[in-house]
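Working notes, structure below.
No lab work stands behind these numbers, since they all come straight from the coordinates. The model shown is predicted, which means the values in this text are computed figures rather than measured ones. In this analysis, Cβ positions are derived from the backbone assuming ideal geometry, glycine residues included, and neighbour counts consider all displayed protein chains.
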Amino acid sequence: MRFSLLLTTCVALTFSYTSNAEELIKLQRNHQLTLTEVVRLSILRSPKQAEIQAGKGLVNAKNIQANSFLPSAPAVSAGLQNDAVGSNRNLSQWEVGLDLPIWLPGQKTARTTLAQGAQTELDKTSANLSLDIAGQVRDALWSLGMAINEAELQDARHKAAQDLLADVEKRWKAGELAKTDVMLAQNGTLAAKTALIKANAEVKHAEHRYWILTGLKELPNTFEEPLNSKEMIDDSHPWLAESAAKIEIANYHRTLSAIEQRENPQVMLNVRHERGAFDSLYNDSVGVAIRVPLDAKVRSAPMMANAEMAIAQAISEHEQRQRLLESAFHEAQHNLEVIREEIEILQAQHKLSQESLQLAKNLLHLANQTSLICYASKQPPMSQSAH
C-alpha cells in the first residue's frame, strides 16, 4: 500500500510538472508589445512595491509630525486628595490638569525639512527600483535569446551528426568502412542529442525566469537598443542618487537631534476644587506652570552618536556604490571591445569555413565524376554486350 501511494504521488507530481512546463513555455512574440511596456509591467508586479507603499506611509507620517500644532501629544491629569483615611478633618481636594508641549526653537523647521528629504529619498528609491527591474528584464530577454540561439546551434549539430551517421552506415554496408567507424558516428550522434536536450532545457528555464519576472507569456517584437553614449558614471545615476539622498536624510536627522537634545518644554494648566480642614465651603482656583527640561549628556550623547553613525554609514555606502559602478562600467566597456574583436574574428572564421565548404563540395563533385569515368571505362563495349 505504501508503494502504491508513493507511485501515485510521483505520477501526480510528474503530470503537474508537465502541465506547468507546457503552460510556461508557450511564449509568443507580440508585435505590439514593446520593451518599455514589459519593463513597466514588471515594475508594477515587483515585490519591492510593498516597500515603496510603506515609504509613502512613512513620508505621510513625517508630514503629519511636521505640520502638527504641537510637537508631541498633550497629556491630561486628574487627582483627588482627602483625609478620610488620615486625620479625618473634612479635607477634600479635586484637581484636573492639562500638559501642553511647546516647540523648541528651529524644531518645526527641522521636521519639515526632514519630511521633504524623506519624500526625495522615496523618489530616488523608486527610480532606482525602476532601473533595477529594467536591468533584470533585459538580462532575462538576452539570456533567453542566447539560450534559443544555442538550442538552434545544437539542433543543427544533431542533424549533421544524424546525416553523418546515415552516410557512415551506408558506406559500412557497402564494405568501405569498418564497424568501429559506425560506432564512433553513433557516439557522436548521442553526444549531439544530449547537448540538444540540455540546450532545450536551458530555453525552458530562461522562459520560466522571464515569466516569473514579468508575468507575461509574450515576448516583445524586438529588444535591441542603441548603445548608450555616456562615457562615465555621474551623480545622476539612480543608484548613486539614492545613496546621496540617504546622506541628506542622515544630515537632517543630525540637525533635528541637535535641536531635540533636551525634551520639549511644557505648559501645565490646572483647575482645582478644594475644601480645607474644618471648613464647610469649597474654593475654586486655576493654576499655570511651566516645565523646562535641562540638557544632559545622558540623553543627548546617545542621540548625537547615533546620528553621526548614520551619516558615516550613508557616506560609506555612497562611496562603495561609486567604486562598484566605476568598476562595472570599466568592465562593460572592455567586454564590449573584446566582443567586437571576437565578432571580427568569427566573421573571418565564417568566411574561411564557407571557402572550405565550397572546396570540399568541388572535391566531392570531382571525385564523383572520376568514379563515374572509371566505372564507364571498365564496362564492355555495347556490341560485346549485345553479342
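Please compute the alpha carbon radius of gyration of the chain, then divide it by the globular-protein estimate 2.2 N^0.38 Å. Two decimals is fine.
1.95
With n ≥ 4 as the cut-off for DSSP H runs, can you work out [θ] at 222 nm for the chain, using -39500 (n - 2.57) per run divided by the number of residues, rounded to the nearest 500?
-25000 deg cm²/dmol
Charges on Cβ only, +1 for Lys and Arg, -1 for Asp and Glu, centred on the Cα centroid of the chain; of Val168, Ala66, Ser243, which one is farthest towards the dipole's positive end?
Going by the charge dipole, the pick is Val168.
Using a cut-off of 10 Å between beta-carbons, work out the net charge of the residues near Glu317 (Lys and Arg +1, Asp and Glu -1, Glu317 not included).
My count for the surroundings of Glu317 gives 0.
Just to confirm my numbers, what's the Cα centroid distance between region 106-124 and region 324-350 in Å?
44
Taking the chain as a Gaussian network, Cα atoms linked when under 10 Å apart, which of Ala161, Ala310, Ala84 shows the biggest mean-square fluctuation?
Comparing Ala161, Ala310, Ala84 in a Gaussian network model of the chain, the most mobile one is Ala84.
Just how large is the dipole of the chain about the Cα centre, in debye to the nearest 20, putting +1 at every Lys and Arg Cβ and -1 at every Asp and Glu Cβ?
Values: 39 positive and 45 negative charges, 209 e Å.
Dipole of the chain, to the nearest 20 debye: 1000 debye.
Tell me the net charge near Gln116. Cut-off is 12 Å between Cβ atoms, Gln116 excluded, with +1 for each Lys or Arg and -1 for each Asp or Glu.
-1
Just how far, in whole angstrom, is region 135-210 from region 266-300 if you go by their alpha carbon centroids?
Taking the Cα centre of each part, region 266-300 and region 135-210 sit 91 Å apart.
Taking 8 Å as the Cα distance limit and 6 or more residues as the minimum spacing, I'd like the relative contact order of the chain as a percentage.
This gives 22 percent for the chain.
Order of 315-321, 279-285 by packing, highest average Cβ count within 10 Å first?
315-321, 279-285
Can you give the net charge of the other residues whose Cβ lies under 13 Å from the Cβ of Lys173, counting K and R as +1 and D and E as -1? Before the final figure, lay out each step's value.
Details: positive: Lys170, Arg171, Lys179; negative: Asp167, Glu169, Glu176, Asp181.
With Lys, Arg at +1 and Asp, Glu at -1, the net is -1.
As I understand it, the dipole of the chain uses +1 on the Cβ of Lys and Arg and -1 on the Cβ of Asp and Glu, about the Cα centre. Which of His273, Gln136, Tyr210 lies farthest toward its positive end?
The residue sitting most towards the positive pole is Tyr210.
With a ≥ b ≥ c the root eigenvalues of the C-alpha gyration tensor of region 148-220, is it rounded (a/c under 1.5), prolate (a/b larger than b/c) or oblate?
Verdict is prolate for region 148-220.
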